[in-house]
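Below: the structure, in structure tokens.
What follows is calculated from the coordinates using simple rules that are stated; it is not laboratory data. Because the structure is a prediction, the values reported are computed rather than measured. Positions of Cβ are backbone-derived with ideal geometry, glycine not excepted, and every protein chain shown enters the neighbour counts.
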Amino acid sequence: MRGSIRISLLAIAVTACSCLAAPEPSIVPGPGMWMLNTAFSHPQQIVLKTSGTGRPIRFWYVILTVTNKTGQDVDFYPKSDLMTDTFQIIPAGKTVPAVVFEQIKRRHQSRYKFLESLEQTSNKILQGEDNTKDIAIVWHDFDANASSIKMFIAGLSNETVAIDHPVAKDKITGEPVKVYLRRTLELSYDLKGDPALPSGANLAYKDKRWIMR
């Protein structure tokens, strides 16, 4: 029992240290830094029966629109996670069958004619509005006990920073291990309705901000 308490307190301490140590993104991009113009839809849900289970499963998705006005073609390596207030973290695309994206694409065909999935989008964004990309980011349904979530989208900027890990040490030098953070878009939502019902849960928008994660 005491051991479990010590482990829990250590986890809380590590989290607190990490939050305190994390730097803020630059207000004005420095030399060589770029950031894509970004727009996003608020999360929507889609419920489908998949071949694996035969029962309805809910998925959540946002559609991200990115335009490169940086004056140069840029590398694009996006990554996205959904985190609940119960500390469940779900990487985008994990356990999401291909048929889910196909249904999303069909649903939004009239507005997003060239919709791409996050997993299949190319790793280069060309300059100009003619090369704007619409990208579907999809997550498997999350913890039914959650009351709020955060969505993190990285890769929209090349701004990075290295900080010292609050606990981990290099086995040879004894110096703190470096943790590399990327400028990341954070979207926050509260959960409304009954998450146990297939269509009874909705997300209420709270806030948007840029962080280093």
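Here are the numbers for the structure shown:
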read-out: Förster radius 25 Å - calculated FRET efficiency between SER26 and GLN120, Cβ distance, rounded to 0.05; value: 0.20
read-out: Segment THR86-GLU186, length gained on full extension (0.36 nm per residue, minus Cα span); value: 34.3 nm
read-out: Cross-link table LYS124/LYS206; LYS124/LYS208; LYS49/LYS113; LYS94/LYS208; LYS124/LYS171; LYS94/LYS150, entries beyond 28 Å C-alpha to C-alpha; value: LYS124/LYS206; LYS124/LYS171
read-out: Mean Cβ count within 10 Å, highest first, over the residues of peptides 108-118, 134-144; value: 134-144, 108-118
read-out: Correct option for semi-axes √(5λ) of the Cα gyration tensor in Å [calculated from the coordinates] among (1) 30, 18, 16; (2) 30, 27, 15; (3) 55, 22, 12; value: (2)
read-out: Cα→Cβ-extended label distance, 7 Å offset, between ALA144 and TYR205, nm; value: 3.0
read-out: Structure-based [θ]222 nm, the chain - -39500 (n - 2.57) summed over DSSP H runs of at least 4, per residue, nearest 500; value: -4500 deg cm²/dmol
